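The structure appears below as structure tokens.
Bear in mind these aren't lab numbers, they're just calculated from the coordinates by the rules spelled out. None of these values were measured; they are calculated from a predicted model. Here the Cβ is made from the backbone with ideal geometry for all residues, glycine too, and neighbour counts use every protein chain on show.
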Amino acid sequence: MSGRQRARERQPYVRPESPVRPRDAASLVILRRRKDVTEVLLGRRASRHRFMPNVFVFPGGRVDAADRGVSVAAELSKPVARKLHNKWSPEMSRALAVAAVRETFEETGLVIGERWRNGVTPNLAGLDYVARAITPPDNPMRFHARFFAIDAEHTSGRVRDSDELQALQWFSLADALAMPLVDVTEFVLQEVQRRRSGWRPPGVPLFSYRNGRAVVRYEA
């Protein structure tokens, strides 16, 4: 159990009268192999952030309206698109993936697709859809985040810090899981680790909260 989970359990749960509507968001878990070790890229959110300041997370952020109309170098693979289309329209599914790629470029400098001027034409073919999570209803800022994963071999460019993510670094999965992470980041890393060891999930997990406690269910 993480420190955040223990702290949450000690606090009485109070349901707000009007929970904030979650904003659509997307994050990207970037993985690479070094010898026999799987590593993941994490960065520390800037201290000025209202939402989760000073914690290590995957690159990602909100879906912009412009993400729906972006031209791409390659579309999502059919298996990944099918998993997303079970819940969202093709347009929304594509926008989520585009947001994950765009935010990764803005926050880390890594290019997934083709670089042009100050932006990227996304290549979505190497993305997998890993999980989704919804921020607790008592939070003043809420997000409905979808977590994608990609192998670093599908990226180009050099990792560099940004105003959004600092102290970017590759961590082994074991070292990352030993860090004081927020519960959803910890869960996604555990999900990735289990898949890497050969486990096949019964569906896509939804990480959410009920009466102040984290709940996970797998969706077909």
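Would you mind calculating the gained length between Q190 and N118 on full extension (0.36 nm times residue separation, minus the Cα-Cα distance), in nm to one decimal? Let's see the in-between values first.
Numbers: separation 72, 0.36 × 72 = 25.92 nm, distance 3.44 nm.
Gain on stretching Q190 to N118: 22.5 nm.
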Per-selection Kirkwood Rh - the chain (Cα, Å, 1 d.p.)
17.9 Å
tail above 13 Å in the computed P(r) of region 73-127, as % of all Cα-Cα pairs, reads 56 percent
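Suppose only helical runs count, i.e. DSSP H with n ≥ 4. What mean residue ellipticity at 222 nm does that imply for the chain under -39500 (n - 2.57) per run, divided by all residues and rounded to the nearest 500 deg cm²/dmol?
Details: 5 runs with 54 residues, N = 220.
Per the formula, -7500 deg cm²/dmol.
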Of the beta bridges DSSP finds with both residues in the chain, what % are antiparallel, to the nearest 5?
75 percent
Toward the positive end of the charge dipole of the chain, about the Cα centre and with charges on Cβ (Lys, Arg +1; Asp, Glu -1), which of P202, V70, L177 goes farthest?
P202
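Take the alpha carbon gyration tensor of region 32-92, find the square roots of its eigenvalues, order them as a ≥ b ≥ c, and report rounded if a/c is under 1.5; if not, report prolate when a/b exceeds b/c, else oblate. Kindly include the intermediate steps, with their values, before the conclusion.
Details: a/c = 2.39, a/b = 1.28, b/c = 1.87.
Since a/c reaches 1.5 but b/c is at least a/b, the shape of region 32-92 is classed as oblate.
Expected output is a single nm value to one decimal: the length gained when fully extending between A74 and M179, i.e. 0.36 nm times separation in residues minus the C-alpha distance. What is it? Let's see the in-between values first.
On the way: separation 105, 0.36 × 105 = 37.80 nm, distance 3.53 nm.
Full extension from A74 to M179 adds 34.3 nm.
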